[in-house]
Amino acid sequence: MSNSNLPKQIHAHAFISGKVQGVGYRYSTMNEAKKLGLNGWVRNLPDSRVEAIFEGESEVVEEMIRWCHQGPTAAVVKDVQVEYSEAEGLQGFEIIR
């Protein structure tokens, strides 16, 4: 049996800028990622951006990236930069420091 019919797993490394710290962005990101069944992590950066890794089916990861452009209600997202690569096999989703 071939794996060609299985959805492609991808790794997205995202940097979100704007008013994204102190507005619940990390917690909302974690909740959304878990709801979508994605693996990875999210954290604040010293330069006021948020960094996140999402792994999962390509269509689901793209849905998460679209969510990142909006974020939670209090956030004002100015830019989302994403780099893609092959999935590393991360398990679970968490907030890291």
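The values are calculated or read from the model by the stated rules, or taken from the named source; none is laboratory data. Every value quoted in this text rests on a predicted model; they were computed, and no experiment measured them. Here Cβ is always computed from backbone atoms with ideal geometry, including for glycine, and neighbour counts include all displayed protein chains.
Of note:
- Residue count for segment 55-78, restricted to those that are touching a helix residue (DSSP H, G or I) at 6+ places or on another chain (Cβ under 8 Å) and part of a loop (DSSP other than H, G, I, E, B): 3
- Checking each residue in segment 2-17 for being under 26 Å from VAL77 (Cβ atoms) and either at pLDDT below 90 or of a type in the set (Ser, Thr, Tyr) (or both) picks out only SER17.
- Residue check: TRP67 meets all listed conditions (1) crowded, with 16+ Cβ neighbours inside 10 Å; (2) touching a Gly at 6+ places or on another chain (Cβ under 9 Å) but one, namely (2).
- Which numbered condition GLU55 misses (of (1) more than 12 Å from ILE95 (Cα to Cα); (2) surrounded by fewer than 18 Cβ atoms within 10 Å (Cβ to Cβ); (3) modelled with pLDDT of 95 or more): (2)
- With respect to the conditions (1) touching a residue at least 24 places away in the same chain (Cβ under 8 Å); (2) in a helix (DSSP H, G or I); (3) surrounded by fewer than 18 Cβ atoms within 10 Å (Cβ to Cβ), LYS35 falls short on a single one, namely (1).
- Contact annotation: no residue pair with Cβ atoms under 9 Å, 6 or more positions apart or on different chains, pairs a residue in segment 16-28 that is within 12 Å of LEU45 (Cα to Cα) with a partner that is part of a strand (DSSP E or B) and at pLDDT below 95.
- Among the criteria (1) surrounded by 14 or more Cβ atoms within 10 Å (Cβ to Cβ); (2) in a strand (DSSP E or B); (3) over 13 Å from the mean Cα position of the chain (by Cα), the one VAL23 does not fulfil is (2).
- Of the residues making up segment 70-91, just one is surrounded by 11 or more Cβ atoms within 10 Å (Cβ to Cβ), farther than 10 Å from VAL20 by Cβ and of a type in the set (Val, Ile, Thr), namely VAL82.
- Enumeration of residues in segment 74-97 that are more than 13 Å from the chain's Cα centre (by Cα) and either aromatic (Phe, Trp, Tyr) or over 12 Å from GLY40 (Cβ atoms) (or both): ALA74, ALA75, VAL76, VAL77, LYS78, ASP79, SER85, GLU86, ARG97
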